[in-house]
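A short worksheet on the structure shown next.
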Amino acid sequence: MFSELLDILLFRSGYNTSAVLAGVIALGTGGGIIGVFSFLRKRALISDAISHATLPGVALGFLVALALGGTGREPGVLMAGAATTGALGVFAVQLIRDQTRLPEDAAIGTVLSVAFGLGIVLLSHIQTLQTGSRVGLNSFLLGSTASITGDEALLIAVASAATIGAALLKMKEFGAVAFDEGFAAAQGWRVRRLDLAMLALLLAIVAIGLKMVGLVLIIALLIIPPAAARFWTERLGRMTALSGAFGALAGWIGGAVSALLPSMPAGALIVLAAASLFAFSLLFAPQRGVVSWSIRHLRLCWAVAANSALLALLEGRPPPDRFGRLAARLRGHLGRNGHLTAAGESAAVDARRQHLLWQRYLDRHPEEALRAGVLAATRIEDFLPRDALAALESDTP
């Protein structure tokens, strides 16, 4: 099984499987990139409303196709129905938010629940039809890469690429709106139109990914990759690239496993892959990860304890705790007789100097000093320029 999975991952399992995997990767990339802007705009849940609003559209598309003499499962009709009701869902959220006193989250919850309820009613009706069957719609609920042809996968990849291109063309404007709506308006950009453009791209990704990922789980490709990328960087460009890479990696791994196990829903496997990337980012990201934060916290506690021990010993007092005594001893600042060594005395004098200078700076510039973080963890020479440091040492205002 491992060798078969490796062949799928390396695009060596035939044209159709390779094309489907490429389509899933393109979809994951598009979802990761498009989701960045709604994530930064703090409107990530709007994609949840859009995805659930497509459910009645899929059911209505089925009924329309059936009435026109088709099988009811024509992908073009189903996707058109999903896009139509998804757009109506976006319009309903905007209308409720702008014309009532309800906040946006309440509007999203209202549209989401009503649309999903309507979709369930329509699916229940389809279940009772003699010529219709809900089985044909299951792939739109949970996703199914196994039933997608190479031509459909190519169409999905092209549509995803077009959506990505449209997002990148407006990346500057979208970023400005996401970070500072007032600044974007001052630049002459129409914030409302840009918001609608973001929502249109979200709707496009949802409609494109229905057959592969499923409308229930497509939201994961729009939220999880940007959330994972946010742990790694503060810059929009890097975050967008990382989010797209995470989405592509989730699609690559989940799509390959789905091709290996056709009975497993593609959407769920892709979500699990994306969740694994999120968990890795949460734990091991260098700046925001839990592990790196814990290491920095321990180093900070160690530095504070060591400095406290040195200041106490310099004043002829015992260290305030055993941890500080241990830190001083391991650094070679405390001898076996319980007194400071020569290196310890020098370090203690420097620690007292650092403490006094930081205290003066904190008294004069409290906001700037607190931005440096916990003062005991930063040497003042590494924070202030020489002239400002000289002013503090001379104790002049």
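On the basis of being surrounded by fewer than 18 Cβ atoms within 10 Å (Cβ to Cβ) and among the basic types (Lys, Arg), does Arg317 make the cut? When the stated conditions are applied, Arg317 passes them. A Cβ distance below 7 Å, combined with a sequence gap of six or more or placement on separate chains, defines the contacts here; from the stretch 333-361, residues that are on the phi < 0 side of the Ramachandran plot reach residues that are among the basic types (Lys, Arg) and in a helix (DSSP H, G or I) in the pairs Leu334/Arg325.
Check whether at least one residue in the stretch 105-124 is in contact with a Pro (Cβ under 7 Å, 6 or more places away or on another chain) and open to solvent by 60 Å² or more (accessible area, probe 1.4 Å), and report yes or no. Yes, some residue in the stretch 105-124 is in contact with a Pro (Cβ under 7 Å, 6 or more places away or on another chain) and open to solvent by 60 Å² or more (accessible area, probe 1.4 Å). Helices (runs of 4 or more DSSP H) fully within the stretch 1-75 that include at least 2 residues being touching a Phe, Trp or Tyr at 6+ places or on another chain (Cβ under 9 Å) and more than 30 Å from Arg97 (Cβ to Cβ): 15-40. Where in the stretch 158-248 are there helices (runs of 4 or more DSSP H), lying fully within it, with 2 or more residues that are in contact with a strand residue (DSSP E or B) (Cβ under 7 Å, 6 or more places away or on another chain) and over 23 Å from Gly86 (Cα atoms)? Passing ranges: none, list empty. Considered as a group, the residues in the stretch 239-282 that are hydroxyl-bearing (Ser, Thr, Tyr) and under 18 Å from the mean Cα position of the chain (by Cα) include one that is most open to solvent (accessible area, probe 1.4 Å), and that residue is Ser276.
Count of the stretch 159-187 residues, restricted to those that are of a type in the set (A, V, I, L, M, F, W, C) and touching a residue at least 12 places away in the same chain (Cβ under 8 Å), is 12. Within the stretch 2-40, the set of residues being touching a helix residue (DSSP H, G or I) at 6+ places or on another chain (Cβ under 9 Å) and of a type in the set (Ser, Thr, Tyr) comprises Ser13, Tyr15, Thr17, Ser18, Thr29, Ser38. Residues that are among the hydrophobic types (A, V, I, L, M, F, W, C), open to solvent by 50 Å² or more (accessible area, probe 1.4 Å) and either at pLDDT below 80 or more than 21 Å from Arg379 (Cα to Cα) (or both) do occur in the stretch 291-302, at least one of them.
Considering each residue of the stretch 325-358, count those that are open to solvent by less than 80 Å² (accessible area, probe 1.4 Å) and acidic (Asp, Glu), and give that number. Total meeting the criteria: 1. No other residue among Ala186, Ala200 is among the hydrophobic types (A, V, I, L, M, F, W, C) and more than 15 Å from Gly31 (Cα to Cα) apart from Ala186.
If the condition is being over 20 Å from Thr85 (Cα atoms) and either among the hydroxyl-bearing types (Ser, Thr, Tyr) or under 15 Å from the mean Cα position of the chain (by Cα) (or both), then the stretch 7-33 contributes Ser13, Tyr15, Thr17, Ser18, Gly28, Thr29, Gly30, Gly32, Ile33.
The values are calculated or read from the model by the stated rules, or taken from the named source; none is laboratory data. A quick note: this is a predicted structure, and the numbers were derived from the prediction, not measured. Heads up, the Cβs are rebuilt from the backbone with ideal geometry, glycines too, and the neighbour counts pull from every protein chain shown. Note: areas computed on protein heavy atoms with side chains; ligands, DNA, RNA excluded. Shrake-Rupley method; radii C 1.70, N 1.55, O 1.52, S 1.80 Å.
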